Amino acid sequence: MNELCNEYKQAISENKLKLHSIELKHCKIVDNVLFRKDLLWVSENMHTKLLKKIHDQSFIFYSDNWKTIDLVQRFYYWSDHQATIKRYIWNCSVYQWSKTFKNSINELHHFLSILQKRWKNIAINFITELFISEDYNAICIIIYCLIKKCHYVFCHWKDNDISVEEMIWIMLWNVYQLHDLSSSIISNRDFQFISIIWQSLCKWLRITASLLTVYHSEIND
């Protein structure tokens, strides 16, 4: 910042009209700090720190481009600051997760069905790569989607997967025995994992599965 101030200070003392396409009549230096139209000039190495402090504040909840630009322009200035702000926000992972963008390549959203009974819609996830404790090295998390109530079950994780037999045991003793059989399972695992679980669970409970055609009410015989 001192180098920038010295450069503008020298240009102002030489009565130059412009420096780096900036009109010097709007610039002044106070206590070795550069201002432009009473706005603090922020050096390039401070851009990210300043935007992180302004954009990531909890009370504005990761604001969008124009909200952040408005907050910056009240007190600060630097050349091409709008482009810098837009680039920072676009690279902000939390902002990307919290906003829904209209993009033609994305598929349509399908809302979860309205829950009719408790524990009918559950989600399954795994915490893996844990230290071995009593021969267990992972935790299976079973989540009741309506109120986010969870069951945490120790399990064995081998070769980046869990055995079908152990997963069935977990479902029987922690879902079916306590809450009855669920009607849907949400998981970040692939479709094959969910399909195998359903088929094996139905086999253990002696249930004949009749699969529905997607988005249609007809039943495949």
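Bear in mind these aren't lab numbers, they're just calculated from the coordinates by the rules spelled out. The model shown is predicted, which means the values in this text are computed figures rather than measured ones. Here the Cβ is made from the backbone with ideal geometry for all residues, glycine too, and neighbour counts use every protein chain on show.
Distance cut-off 30 Å, Cα to Cα: go down the list LYS16/LYS49; LYS16/LYS52; LYS158/LYS203; LYS149/LYS203; LYS37/LYS67 and report the pairs above it. Listed pairs above 30 Å: LYS16/LYS49; LYS16/LYS52. When you filter the trypsin sites (Lys or Arg not before Pro) in the stretch 121-172 for DSSP loop state and at most 11 other Cβ atoms inside 10 Å of their Cβ, you are left with LYS148.
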